[in-house]
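Okay, here's the structure, questions in a sec.
What follows draws every value from the coordinates through simple rules; no lab data is involved. Keep in mind that this is a model prediction, so the values were computed, not measured.
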């Protein structure tokens, strides 16, 4: 379960970066706030997946008597979201170099 969440976090960071730098790749959409918008979408995906995947798994495992509270799931989701931001930035540094319109977004190299 946690490996799945880790894979979702790492792979979605790569996919969101590839989408921004190569699929969208328009001069009018190459500003730093557009990059941030795509990043926030990535963080929302990671936050909700890391909240609901363990919650649903433990609800099914413990048949309604889940020993973890919603604050436990929230804390885990926030930590995963912080790591998702790190992976998003790392993948950005890897994939942005060959983009024709957004290679200097969010900051010049």
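Can you give me the pair-distance distribution of the range 2-98, C-alpha pairs, 5 Å bins, whole percents?
Whole-percent P(r) values from 0 Å outward: 3, 13, 23, 19, 14, 11, 8, 5, 3, 1, 0.
What number, rounded to the nearest 500 deg cm²/dmol, is the helix-based mean residue ellipticity at 222 nm of the chain, given -39500 (n - 2.57) per DSSP H run of at least four residues and division by all its residues?
-23500 deg cm²/dmol
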